[in-house]
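Structure record follows, encoded as structure tokens.
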Amino acid sequence: TQSTWGSRGGSAMERLEQWLTRASSSAALCFQTSSVKGRYAVAKKDLKQGELILEEEPFIAIPMDARKLFVCDVCLRFEEDNNVPMKHTCLGCESVATCSDQCQKKLNSTHAGLECEAFGRLQELLKDQKSSFVHDTASLHRLVVRLLLLKHKYQHGQYNWKDYNFDDLLTLCCTNVQTVSTRKKQVMDTTVQNVASVLNPLVPSTREEIDAIVSREGANAYGLYYPSRGPSQYLSSEERMFASGFYLLSSFFNHSCQPNVYKTLRNGTYLFNALHDISAGTELCHSYIDLDKNTNQRRQELLANYGFVCSCKRCEGDELDDRYMEEYICPKHGCGGLVVSHVTVEYDEPIRVCHRCGFDVDTEEYT
């Protein structure tokens, strides 16, 4: 991992603690480090089932290419009917849209000028490239361009980072390019080449810093998804993904195929809650993938996209006796969500509902 902590003052762990004090529910978790796991999150105290562990807004996020005119570029809002366009669309690049006059005003402060020109150049470049995966990852191109232009504006006193800055992003781990799929490696290489081609006539940038962002996006970025209900209930996970972004503190949650943490999305903010009671000192993990798959499928997906072979207890255990699957994974076909117990005023006993699709496991109805 490339580190620039020294330029910010304090050690890596001290900086993490500073981040944590600014986050909500900072009393719920802390970070530890090891030679095998690197930095990872653990429970700072005993946590009750459902207790909020972390709530975090994105450091930076951008709508997916297919959804860029249907999701607000500023607040990430979308209409209940996913196919209703936003109120404003940039006529210069046709790559960003906003939901209100207020969001449009915020966007103008960073988008007008260089970013609009760069996004327009990117649109034209990708139109000329025939390979399908280039168009699948146009949002990645825009994310990298936006980050580098914000860095340029910051260096010239034209922009102020809110909680983190570009150097903080570079402390995150990189994608292991030796183990990811050939397709993913091609996407990364093409993105670096295209972004350099678009930016170099506009602002000084190096292939090294472009590569630094791309490699960290692959290992750390979070997808933002439409809820698996209503108009989106029959869509695949890939089709439900409407945006992607960096959540710096959340990046320190490791993966497990039997996670003790589940995450939900609220207006672009991710909330992480305890799936069940968790003892102080226990590592906090969520899942990077849908979990309604067998061990071989899960491991192949994780290796192709994240560059590691999962060795959690579920993957190492007896697949014919998958008690985690029976207790916590939504039985609805194709959902892959986690079943969470909720106490309500209507019922004496807790109800068990999928956090993703709202399926009530006991009544077989949707809440």
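At a glance:
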| read-out | value |
| --- | --- |
| Rounded accessible area of Phe252 (nearest 10 Å², 1.4 Å probe) | 10 Å² |
| Beta bridge orientation in the chain: antiparallel %, DSSP, nearest 5 | 95 percent |
| With Cα atoms, 0 to 90° folded angle of helix 101-111 axis to the chain main axis | 60 degrees |
| Dipole of the stretch 25-94, positive end: most advanced residue of Val71, Leu91, Cys30 [Cβ charges, Cα centre] | Cys30 |
| Between helix 207-220 and the chain: long-axis angle, C-alpha atoms, 0 to 90°, nearest 10 | 20 degrees |
| Portion, in percent, of the accessible area of the stretch 92-174 that falls on carbon or sulfur, probe 1.4 Å | 46 percent |
| Charged-residue dipole, Cβ positions (Lys, Arg, Asp, Glu), the stretch 211-301 about Cα centre, Debye nearest 20 | 160 debye |
| Unsatisfied cross-links (Cα-Cα over 28 Å) in the set Lys48/Lys68; Lys44/Lys313; Lys68/Lys263; Lys44/Lys151 | Lys48/Lys68; Lys44/Lys151 |
| Residue order for Lys130, Lys37, Lys332 - accessible surface, 1.4 angstrom probe, largest first | Lys130, Lys37, Lys332 |
| Which label in (i) 31, 27, 24; (ii) 34, 24, 21; (iii) 42, 29, 18 gives the computed semi-axes √(5λ) of the Cα gyration tensor in Å | (ii) |
| Accessible surface of the stretch 249-339 [probe 1.4 Å, protein heavy atoms]: carbon and sulfur percent | 44 percent |
| Surface accessible to a 1.4 Å probe, Ser236 within the full protein complex, Å² | 50 Å² |
| Listed residues Phe272, Asn82, Thr110: farthest to the positive end of the dipole of the chain (Cβ charges) | Thr110 |
| Accessible area in square angstrom per residue, the chain, 1.4 angstrom probe | 49 Å² |
| Estimated dipole of the chain in Debye, rounded to 20 [Cβ of Lys and Arg +1, of Asp and Glu -1, Cα centre] | 1280 debye |
| Rule-of-thumb Rg ratio for the stretch 62-166 [Cα; 2.2 N^0.38 Å; N residues] | 1.08 |
| Rounded Å value of the spacing that divides the Cα centres of the stretch 153-214 and the stretch 218-256 | 21 Å |
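The values are calculated or read from the model by the stated rules, or taken from the named source; none is laboratory data. Note that the structure is a prediction, hence the values are computed from the model and not measured. Counting neighbours? That spans all protein chains shown, and the Cβs are built from the backbone with ideal geometry, glycine included. Just the protein is used for accessible areas: all its heavy atoms, side chains included, with ligands, DNA and RNA removed. Shrake-Rupley method; radii C 1.70, N 1.55, O 1.52, S 1.80 Å.
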